[in-house]
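**Student:** Let me give you the structure first, and then I'll get to my questions.
What follows is calculated from the coordinates using simple rules that are stated; it is not laboratory data. What you are looking at is a predicted structure, and each value in this text was computed from that prediction instead of being measured. FYI the Cβ positions are ideal-geometry reconstructions off the backbone, even for glycines, and counts take in every protein chain you see.
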Amino acid sequence: MNREIIEAIKQIEREKGIDSETLLIALEDALLAAYKKTPDAAPHARIEIDRDTGAMSVFQLLIGEDDEVRTLPQPEYEIPEGVNPEDFEPPEPEIDWDAYADEEIEVIDVTSDKFFGRIAAQTAKQVIFQRIREAEREMMYDEYVDRVGDVVTGIVQQSDHRYTLVDLGRVEALLPESEQVHGERYDHGSRIKAVITEVRGSAKGPQVIVSRRADQLVRELFKLEVPEMADGLVEIRNVAREAGWRSKIAVVSHVQGVDPVGACVGPRGSRVRMVVSELRGEKIDIIPFNDEPARYIAKALSPARVREVLVDDDDKQATVIVPDDQLSLAIGREGMNARLAARLTGWRIDIKNESTFADEATENFDQDSAGGLARCAAVLRNGRRCPNAAEAGTRFCAIQAHAELAVLEDDLGRAMTDEELAVAGTPEGVEAIRNGTPLPETDDPAEAPAEGGSEGAGDAAADGAEPGDTPADDAAEPAGEPDEAGVASGSETEAEG
């Protein structure tokens with residue numbers, strides 16, 4: 001019979017994955033609890049089970065009546081949930097058997113086949129089952145506590161306005177209302193993916209909290225669909241998300257020759273389409289990450305076209321200049337596009353159209369001779385005047401090309417006219433000004449690409465794009481399927497707000 005007990009414990013170990021030593025210790029505790037219910041049971045006893053043969057022995061500790069029992073330090077205990085503190089009885093302290101020398105005590109073997117009756121055997125059974133359940137709960141807690149941040153797939157078991165229960169197989173996860181996406185329905189039996197955000201231990205087992213709103217869900221879904229991302233070739237640097245509406249992700253490639261945006265979009269948008277489908281139609285803008293703040297901000301505002309970006313590195317603020325017809329698209333519905341771009345880049349973004357910015361620039365910089373700073377007199381390639389402040393003693397700012405105009409005026413001994421300033425940015429125009437020959441014709445400012453701004457004054461300009469080009473082009477799906485993939489297309493012109 002003893003050998004059969006050892007074989008049964010090994011079988012439980014194989015089936016449930018519980019260590020056999022844990023089961024043997026639980027069996028010893030169960031037999032001890034059963035022994036204490038037998039008549040004339042010793043007040044201080046212990047039970048040992050031979051690990052090889054399964055032989056059981058009960059040992060009694062004989063000490064004097066006035067001697068105090070030496071016990072192990074008792075850890076702090078917590079009152080289980082739902083138990084009245086007045087009714088709770090703390091566990092008895094364990095005897096420190098190692099604290100007694102052989103000559104101090106007498107250990108008598110009191111093992112007998114008659115000690116364990118029907119009631120004692122039933123008590124042992126209950127204790128063993130309880131220990132097995134506790135071991136299983138501890139194993140499940142250890143399994144899921146290391147999976148925080150991972151995506152799991154579950155089946156909806158119950159859903160109401162307060163929470164949704166999701167069956168993950170071995171445990172039920174809780175999807176609270178605060179982690180649900182507004183407008184999504186979780187029907188009974190439907191299969192959903194969610195990210196584990198928290199694992200709590202409780203008397204009834206681990207409580208797993210999952211979320212459908214977390215930014216981590218977008219990261220993990222792309223890792224599942226993009227092999228280059230799972231291999232570490234492509235990385236999602238930042239994520240900004242308005243759950244249920246739109247997300248923006250900034251991606252970067254760690255290997256030369258791998259296009260991070262194209263890898264995330266996939267052939268004909270197949271990869272991003274799978275992510276959008278799992279997010280139930282949420283639009284996704286894929287932005288190439290850039291270390292230059294101006295270029296990064298310009299891309300982040302897709303699908304709007306950006307003319308210029310003036311950045312303040314000290315305060316991490318940026319002023320974005322967009323064409324008049326792109327202002328509402330850059331801001332987005334209820335400011336969503338601008339808000340997501342600010343969260344994605346970590347910069348404060350102020351968006352202005354060209355007309356407003358030109359009026360403000362003229363008001364701020366054009367001062368009388370008794371005033372302070374004057375505005376740079378150089379003319380940009382788009383036909384507008386440079387918005388930067390002029391350096392002291394000159395009419396031009398610190399940009400190298402504009403500073404060379406100050407040297408040209410010193411050589412001429414006079415200030416250049418507006419017509420000369422309009423062509424002074426080209427070698428042909430400079431040569432005509434020096435020689436006094438007819439000035440070359442200027443290009444149509446409407447067709448000229450946007451010029452950079454004030455690198456020397458602490459500002460930087462976005463990489464100007466030709467008309468029709470847009471930062472969103474890098475995030476767009478191949479033509480013909482922009483809406484289905486959920487990626488903003490550069491040809492979109494309707495305002496969101």
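**Student:** Give me the number: length gained by fully extending R280 to H188, i.e. 0.36 nm times residue separation minus the C-alpha to C-alpha distance, one decimal in nm.
**Tutor:** Residue separation times 0.36 nm, minus the Cα-Cα distance, leaves 31.4 nm.
**Student:** Right, next: Using a Förster radius of 41 Å, what is the FRET efficiency between R200 and D325 based on their Cβ-Cβ separation? Nearest 0.05, please.
**Tutor:** Once rounded, the FRET efficiency stands at 0.20.
**Student:** Which residue, Y163, A173, G149, has the largest displacement toward the positive end of the dipole of the range 147-213 when charges sit on each Cβ (Lys, Arg +1; Asp, Glu -1)?
**Tutor:** Comparing the listed Cα positions along the dipole, G149 ranks first.
**Student:** Can you list residues whose amide H is under 5 Å from D350's amide H, if they're 5+ apart or on another chain and H is modeled 1.01 Å from N?
**Tutor:** Long-range HN contacts for D350: A318, T319, V320.
**Student:** Looking only at Cα atoms, what is the convex hull volume of the range 147-213 per residue, in Å³?
**Tutor:** Output value, Cα hull per residue: 83 Å³.
**Student:** Which ³J(HN,Hα) values in Hz, rounded to whole numbers, follow from the phi angles of the range 38-53 under the Karplus curve 6.51 cos²θ - 1.76 cosθ + 1.60, where θ = phi - 60° and Gly and Pro get x?
**Tutor:** 7, x, 6, 5, 5, x, 10, 8, 8, 10, 10, 10, 5, 5, 9, 9
**Student:** What are the ³J(HN,Hα) values, in whole Hz, obtained from phi via the Karplus relation 6.51 cos²θ - 1.76 cosθ + 1.60 with θ = phi - 60°, for each residue of the range 158-171 in sequence order, with x given for Gly and Pro?
**Tutor:** These are the phi-based 3J(HN,Hα) values: 8, 8, 8, 6, 9, 7, 10, 9, 10, 7, 9, x, 8, 8 Hz.
**Student:** Can you give me the long-range amide H partners of Q207? Hydrogens built in the peptide plane at 1.01 Å from N, cutoff under 5 Å, separation of 5 or more residues or another chain.
**Tutor:** R200, G201, S202
**Student:** Sort T437, T123 by Cβ crowding within 10 Å, fewest neighbours at the top.
**Tutor:** T437, T123
**Student:** Right, another one. Mind giving me the FRET efficiency for L439 and A358? R0 is 30 Å, r the Cβ-Cβ distance, nearest 0.05 is fine.
**Tutor:** The pair L439/A358 has a calculated efficiency of 0.80.
**Student:** In addition: Where a Cα-Cα gap under 20 Å defines reach, which lysines qualify for K37, not counting those fewer than 8 residues away within the same chain?
**Tutor:** The qualifying lysines are K114, K125.
**Student:** Mind checking which lysines have their Cα closer than 20 Å to the Cα of K283? Skip sequence neighbours fewer than 8 apart in that chain.
**Tutor:** Partners found: K193, K223, K248, K299.
**Student:** Moving on. Subtracting the Cα-Cα distance from 0.36 nm times the residue separation, let me have the gained length for A230 to D167 in nm, one decimal.
**Tutor:** 20.0 nm
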